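A.B. asks: Take this structure, written in structure tokens, and hold onto it; I'll ask about it next.
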């Protein structure tokens, strides 16, 4: 920075440097503020969020061994009434044999071991696995061959993890509310 | 250009007035009329023009289809059937657009393999070549987005599988996925934005094509010998020689295109996509369109989600590094006896990967996919660097002209030249 005749401007901290930095900062903030609405508009909108309220499912009509499909927030959820044999097999598996080790007790709610509630999309790329198929009699994915057991745990890849468990609570013995946890609806 | 002494000179008063304000006609003239083209180009060099034609076909049919299409999850499938049954010639526009995408990829694969065979990616054409890889990536994105629009079973599950691929990206994957979905899963907001992006990307392709052609006209075209233009005798004028050849090749390609439209309009698609999207049932085999099959085979070859995704994207991106992976100073594989064999092996491996991509992911198919995937990457990471170091290339011709007329005749430009060459514009100046 050139020093003026009056000597007021110094090589650093001059008014011109300040203006340069201030303009740059205003430009950066302004660009970010202008870009924000464009990005935010792509997030789930208010109507979609409202339609994602908790969902009640009546378990009474589901027979032993039956798997029903329900949709919550557009996502497929399996509700499975497990037989005694399936529960026992799921509990007896050694955790060291599992790709994503989780005991059966962590897959169900306490005192409701016969009800398995899991998301119905394979954790590999989201295909719908077919129930009661494959060597583990849980689910078998037709797309890339992943296998799941009756606790929804992955037993053979390429799926990297167990079928995730949606947030839900029991409301009595024959009714669950999907999308609620700890007394309030999930975000 | 100026070497030919055929620079554009406006004649009429109006043309002079306009040219002095915007030299547009002069730009077109220097780029597509007087532009010097190597005289030995074969028909593989016509696919650039064919690709521009196909881009035009896709944009025109797409704009017209959009006049009748409804991009909401409830109406999309029915609006496509409405186009097929009610709209005048709607069936033709849709079959042109759907098969046009396949023909676009047929042409681009020939174009890419031509570039790889003749070493068109090597200096000084690296930027030209990388722009081509970017166009190819944009084409893949456009084709994927377009395939989701009919909202059939394959559309829905294709969208689900691909958006789940993006969720494998560490840290930001889930955010990207949510912004793409516009909801908690693939649904109507997803379809709406995919339609918007499907309409946008072709115009971005047009923009990159302009840069691609610009870069081409800076470096000049490669040719089957791979040796540079050394004198005016090596070239002919773009118009009429290349122009008429491109038009002829495009016409022949249109016959091929018409065969699919009128005789096999659904052969390259999937019957499952005539079943409306159902989030509760996955089709028995989710298979992408044929032009994505080799990459799908690579994705499934890896028994690990993130690993498969990385290799699949890597398989496309590694193309961009070819200019620096290939150590040979000879461009054309015509003069590379060892590399030429590896090149054809690579082509065969790509075709086998495509075949494997359509097979169920089990047993021997998975093992074969793994072997072919390993070879695919080895071609770039081992064959390209090593063969270039150890191979002894064949003797190159002295000039492009010599490769056409035979050695010793290049000085005598008046005789012994092919008919087309004799009509070349004056090049002494």
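The values are calculated or read from the model by the stated rules, or taken from the named source; none is laboratory data. Predicted, not measured: the structure shown is a model, and the values here were computed from it. Every residue, glycine as well, gets a Cβ built from its backbone with ideal geometry; the counts of neighbours run over all protein chains shown.
A.B. asks: Looking only at region B:267-285, filter to residues that are more than 7 Å from chain A (Cβ to nearest Cβ) and free of Cβ contacts under 8 Å to residues at least 60 places away in the same chain; which one of those is nearest to the chain's Cα centre (by Cα)?
C.D. replies: Out of the qualifying residues, it is B:267.
A.B. asks: Another question, if that's okay. Find the residue count for region A:123-137, including only residues that are touching a residue at least 40 places away in the same chain (Cβ under 8 Å) and in a loop (DSSP other than H, G, I, E, B).
C.D. replies: Here is the first cut: in region A:123-137, the residues touching a residue at least 40 places away in the same chain (Cβ under 8 Å) are A:123, A:128, A:131-132, A:137.
Next, only the ones that are in a loop (DSSP other than H, G, I, E, B) stay: A:123, A:128, A:132, A:137.
Final tally of qualifying residues: 4.
A.B. asks: Restricting attention to region B:49-62, does a residue exist that is in contact with a strand residue (DSSP E or B) (Cβ under 7 Å, 6 or more places away or on another chain), in the same structural domain as residue B:243 (by TED's automatic domain parsing), surrounded by 17 or more Cβ atoms within 10 Å (Cβ to Cβ) and not in a loop (DSSP other than H, G, I, E, B)?
C.D. replies: no
A.B. asks: Here's a follow-up. Determine whether residue B:227 is under 30 Å from residue B:56 (Cβ atoms) and either away from chain A (no Cβ under 14 Å) or free of Cβ contacts under 8 Å to residues at least 12 places away in the same chain (or both). Working first, answer last.
C.D. replies: Values: under 30 Å from residue B:56 (Cβ atoms): no; either away from chain A (no Cβ under 14 Å) or free of Cβ contacts under 8 Å to residues at least 12 places away in the same chain (or both): yes.
Taking the combined requirement at face value, the residue does not satisfy it.
A.B. asks: Quick test of your reading of the structure: residue A:115 fulfils all but one of (1) in contact with a strand residue (DSSP E or B) (Cβ under 8 Å, 6 or more places away or on another chain); (2) more than 9 Å from chain B (Cβ to nearest Cβ); (3) touching a residue at least 40 places away in the same chain (Cβ under 8 Å); (4) within 22 Å of residue B:304 (Cα to Cα). Name the failing condition by number.
C.D. replies: Exception for residue A:115: condition (4).
A.B. asks: Looking at A:39, A:79, which is the one that is under 28 Å from the mean Cα position of the chain (by Cα) and within 24 Å of residue B:281 (Cβ to Cβ)? Write out each step before concluding.
C.D. replies: Numbers: A:39 fails: within 24 Å of residue B:281 (Cβ to Cβ).
That would be A:79, the only listed residue that is under 28 Å from the mean Cα position of the chain (by Cα) and within 24 Å of residue B:281 (Cβ to Cβ).
A.B. asks: Among B:134, B:171, B:165, which is the only one that is in contact with a helix residue (DSSP H, G or I) (Cβ under 8 Å, 6 or more places away or on another chain) and surrounded by fewer than 18 Cβ atoms within 10 Å (Cβ to Cβ)?
C.D. replies: B:134
A.B. asks: Could you tell me which residue of region B:5-29 is surrounded by the fewest Cβ atoms within 10 Å (Cβ to Cβ), considering only residues that are touching a helix residue (DSSP H, G or I) at 6+ places or on another chain (Cβ under 8 Å) and assigned to a helix (DSSP H, G or I)?
C.D. replies: B:24
A.B. asks: For region A:121-148, enumerate the residues that are away from chain B (no Cβ under 12 Å) and under 20 Å from the mean Cα position of the chain (by Cα).
C.D. replies: Across region A:121-148, the qualifying residue is only A:148.
A.B. asks: Taking residue B:313, is it more than 14 Å from chain A (Cβ to nearest Cβ) and without any contact (Cβ under 8 Å) to a residue 12 or more places away in the chain? Let's see the steps before the verdict.
C.D. replies: Values: more than 14 Å from chain A (Cβ to nearest Cβ): yes; without any contact (Cβ under 8 Å) to a residue 12 or more places away in the chain: yes.
So residue B:313 passes the test.
A.B. asks: Quick check, is residue A:139 in contact with a strand residue (DSSP E or B) (Cβ under 7 Å, 6 or more places away or on another chain) and more than 23 Å from residue B:309 (Cβ to Cβ)?
C.D. replies: On the way: in contact with a strand residue (DSSP E or B) (Cβ under 7 Å, 6 or more places away or on another chain): yes; more than 23 Å from residue B:309 (Cβ to Cβ): no.
So residue A:139 fails the test.
A.B. asks: Only residues that are out of contact with any helix residue (DSSP H, G or I) (no Cβ under 9 Å at 6 or more places or on another chain) and either buried (at least 24 other Cβ atoms within 10 Å of the Cβ) or not in a loop (DSSP other than H, G, I, E, B) (or both): list them for region A:153-167, please.
C.D. replies: Correct list: A:154, A:156, A:163.
A.B. asks: Give the residue that is nearest to residue B:58 (Cα to Cα), with candidates limited to residues of region B:152-190 that are under 26 Å from the mean Cα position of the chain (by Cα) and more than 9 Å from chain A (Cβ to nearest Cβ).
C.D. replies: Per the stated criteria, the residue is B:155.
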